[in-house]
Amino acid sequence: MKLYNYFRSSASFRVRIALHLKGLPFEYVPVHIAKGEHKQAAWAGVLTEGLVPALELDDGTRLTQSMAIIEYLDETQPGARLLPADALGRARVRALAQIVACEIHPINNLRVLKYLTRELKVEDEPKNVWYRHWVREGLEAFERQLAAGPTGRFCHGDTPTLADCCLVPQIFNGQRFNTDFSGLTRTMAVFDQCMQHEAFQKAQPSACPDAEA
């Protein structure tokens, strides 16, 4: 398999975690989103949505959207299960994952931040305040969801799930923007637990071949 991704892309980070959790080998194909490579004609036939990640299967089929990719891998590949066996557990894990993927990330991703600064002429600090506000608000909801559910070392029980695949990249990005994580006790405990796991360490941005300072 080939994974088209960018080391700082949180959506790409999610898929890298899932691949490593399942022990699946893949070819890393970097696409420099910050430099606009994804918009170049050379990538048009590969990145049909103009976004990363994209996962190319052995038969040439390409999958897009991190959540769809991860669920496909969980349904078709052996190794660690990323969604619980029971329907209520799956619903809870998906809800936690979607707090990040559907509530926080869409209004804070790179193209949105660039639109704020380029088209709307928002200065850097107000843009950063915007970012921190929505991350903090989303993670407070995440914390409440964790508190309302069963205890465990990870988001749902004692093994990593789709929710952990989404949480960790969001914390990494939040750290880059100096987001306030105080009081998010369970959320940060889960993050710390994840970062002791080899799969999360291997997937983090600094471990990527295209990593930059």
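General remarks:
- Within the range 200-210, considering residues that are over 15 Å from the mean Cα position of the chain (by Cα) and assigned to a loop (DSSP other than H, G, I, E, B), the one surrounded by the most Cβ atoms within 10 Å (Cβ to Cβ): Asp210
- Here His197 does not fit the description of being farther than 21 Å from Ala85 by Cα, surrounded by fewer than 18 Cβ atoms within 10 Å (Cβ to Cβ) and modelled with pLDDT of 95 or more.
- Answer from Gly23, Gly50 - the residue that is at pLDDT below 95 and of a type outside the set (Asp, Glu): Gly50
- Criterion applied to Gly183, Gly157 was being open to solvent by 40 Å² or more (accessible area, probe 1.4 Å) and part of a loop (DSSP other than H, G, I, E, B), and the one residue passing it is Gly183.
- Evaluation of Trp43 against (1) more than 18 Å from the chain's Cα centre (by Cα); (2) modelled with pLDDT under 95; (3) surrounded by fewer than 16 Cβ atoms within 10 Å (Cβ to Cβ) (one fails), failing number: (3)
- Qualifying residue in the range 93-114 (condition: open to solvent by 70 Å² or more (accessible area, probe 1.4 Å), over 18 Å from Phe191 (Cα atoms), among the acidic types (Asp, Glu) and modelled with pLDDT of 95 or more): yes
- When restricted to residues that are outside any helix (DSSP H, G or I) and open to solvent by less than 40 Å² (accessible area, probe 1.4 Å), the range 115-126 contains 0.
The values are calculated or read from the model by the stated rules, or taken from the named source; none is laboratory data. This one's a predicted model, so the numbers in the text were calculated from it and none came from an experiment. Virtual Cβ from ideal backbone geometry, glycine too; neighbours counted across all protein chains shown. Heavy atoms of the whole protein, side chains included, go into the accessibility calculation; ligands, DNA and RNA do not. Shrake-Rupley method; radii C 1.70, N 1.55, O 1.52, S 1.80 Å.
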